[in-house]
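Report on the following structure.
The values are calculated or read from the model by the stated rules, or taken from the named source; none is laboratory data. This one's a predicted model, so the numbers in the text were calculated from it and none came from an experiment. Note: ideal-geometry Cβ built from the backbone for every residue, glycine included; neighbour counts use all protein chains shown. Note: accessible area is taken over every heavy atom of the protein model, side chains too, but ligands, DNA and RNA are not part of it. Shrake-Rupley method; radii C 1.70, N 1.55, O 1.52, S 1.80 Å.
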Amino acid sequence: MDLFGIPAPLLFGQVLLGLINGAFYALLSLGLAVIFGMLNVINFTHGAQFMMGAFVAWMLLEWLGIGYWGALLLAPLIVGATGIIMERLMIARLYKLDHLYGLLLTFGLGLIIEGLFRNEFGSSGLPYRIPVELQGAWDLDFMFMPVYRGWVVLVAFVMCLATWLVIEKTKIGSYLRAATENPALVQAFGINVPRMMTLTYGAGVALAAFAGVLAAPIYSVNPQMGSNLIIIVFAVVVIGGMGSILGSVLTGFGLGIIEGLTKVFYPEASSTVIFVVMALVLLARPAALLGRS
Amino acid sequence: MLEIKGLEAWYGESHVLHGVDLHINDGEVVTLLGRNGAGKTSTLRAIMGLVGRRSGSIRFNGQELVARRSDLIARAGIAYCPEERGIFASLDVTENLMLPPQIAPGGMSVDEIYTLFPNLKERARSPGNKLSGGEQQMLAIGRILRTGAKLLLLDEPSEGLAPVIVQQIGITVRELKKRGFTVLLVEQNFRFAQTVADRHYVMDHGVVVDHVANHELAGAMDRLHNYLGV
């Protein structure tokens, strides 16, 4: 069976691969969007925090014997807690300053964290096994689909949906949206906005760590795994609109698929196609697809 | 209930209040009159802790508020309705109404607020930025009545509204007084202030320069015209 002159297994295989990459783009850009919306800080430490999630999963397994399922819960909590400490000690001092300061601080912190892990664990990468329950593959007639990859797409989608629901449909979410517009007034109504910002940063970082645990069995656990991904994720965030939740999720999955398809039809462009889309979107709509101008 | 002495305030380098003195008794409606830039809005913002820096004394029910963070000032029992109304565009009417947390028992119920402002009930699901100016003002007042705060700071609720809406706001303020709320009202609209208030403070250049009881207002007109430049 051929589609557009391409064998179906190849085409669907690349679309699936694109969806998986898209799942990570979506999860990571979601965390960035949540943080940017509330704190007005572009969190360049995000890639390092994603990597920390994967490493914490590895440490939990190697040192404490806590497996994948436990790590999926614990690693985001642990890495989220480090995020909370970072926000309290450092990032909270930058809110009144220009974006540039937040960018420099978080970028520098990211480099430091990455360097520390490289010093300690080397850069060759550590193995992390797929949990027994998610091993194997489904035969979909046109291709074999590894169970774990299907799981990643599903979980990422559920996580994005849950985050969107929390922000759009709950009381906490209404505080977040209101504080994004006018934090001073929300605080004058009696809400502790500084604490809310701390917890928001922690939650965004926890999302990155969660993505890191999901990634651990697919990519090898290594200190650079975040910085490789984060450049693309920033392009996704720019395309989706800074601070737009729905925008980040849709562009995350969408660009993953576009990237996958480019690999089929014009492989030479597959690593640049996202940046081409970014440039086009910025030329046509500087506020991006769903962003606030 | 509220006793302000020697209140000074700054926005960055600019010194906007130069020692404001005023007091409000329980259950009163008091206005701050004055020209643009006289310091009326800054006084309300300073009470709420929304200026850069302040000094002096703001005593509310025996507690000193001048050094407190604005969320703790709100929790002491003061609710604020800003001049620009501050309706959140990304929240619908119900979410806007439910946003300020309850800080004490005895606030009005949502049904009572809808009875006061029937328009809001019809627009319950509209986004905040799709409301008319009058509806926004009603929402901005309505949402602070739920919280249980007994002192309301209202910044120019009549500004830019059609006469019939101003009338409705006037009825609301009198109704609030009847229900036992204490109100500090910033106004430029002299005639409107006259229909709702017990007393008036006049501000100029960041200080209170005069004080008139409402029943003496007619006799003080010449003096006030001088201050207000009307």
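What the table shows:
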| quantity | calculated |
| --- | --- |
| A:Gly67 being surrounded by 22 or more Cβ atoms within 10 Å (Cβ to Cβ) and touching a helix residue (DSSP H, G or I) at 6+ places or on another chain (Cβ under 8 Å) | no |
| Close pairs (7 angstrom Cβ cut-off, 6 or more residues apart or separate chains): in contact (Cβ under 8 Å) with a residue 40 or more places away in the chain in region B:20-38, of a type in the set (S, T, N, Q) and crowded, with 21+ Cβ neighbours inside 10 Å anywhere | B:Val20/B:Thr43; B:Ile24/B:Thr182; B:Asp26/B:Thr182; B:Gly27/B:Thr182; B:Glu28/B:Thr182; B:Leu32/B:Thr43 |
| Qualifying positions in region B:111-138 - closer than 23 Å to A:Gln187 by Cα and within 14 Å of chain A (Cβ to nearest Cβ) | B:Pro127, B:Gly128, B:Asn129, B:Gln136 |
| Selection within region A:110-147 - over 30 Å from A:Pro9 (Cβ atoms) and either β-branched (Val, Ile, Thr) or in contact with a Phe, Trp or Tyr (Cβ under 8 Å, 6 or more places away or on another chain) (or both) | A:Gly110, A:Ile112, A:Ile113, A:Phe117, A:Phe121, A:Leu126 |
| Any hit, region A:13-28, residues being more than 13 Å from the chain's Cα centre (by Cα) and outside any helix (DSSP H, G or I) | no |
| Candidate set from region B:86-140 (those that are aromatic (Phe, Trp, Tyr) and farther than 22 Å from B:Ser70 by Cα); member that is nearest to the chain's Cα centre (by Cα) | B:Phe117 |
| Residue within region A:74-84 that is open to solvent by 30 Å² or more (accessible area, probe 1.4 Å) and in contact with a Gly (Cβ under 6 Å, 6 or more places away or on another chain) present | yes |
| Selection count, region B:58-93, where residues are facing another protein chain (nearest Cβ under 8 Å) and either open to solvent by less than 20 Å² (accessible area, probe 1.4 Å) or touching an Asp or Glu at 6+ places or on another chain (Cβ under 7 Å) (or both) | 12 |
| Cβ-Cβ under 8 Å pairs, at least 6 apart or on other chains, region B:94-105 side more than 8 Å from every other protein chain (Cβ to nearest Cβ), far side surrounded by fewer than 16 Cβ atoms within 10 Å (Cβ to Cβ) | B:Thr94/B:Ala124; B:Thr94/B:Arg125 |
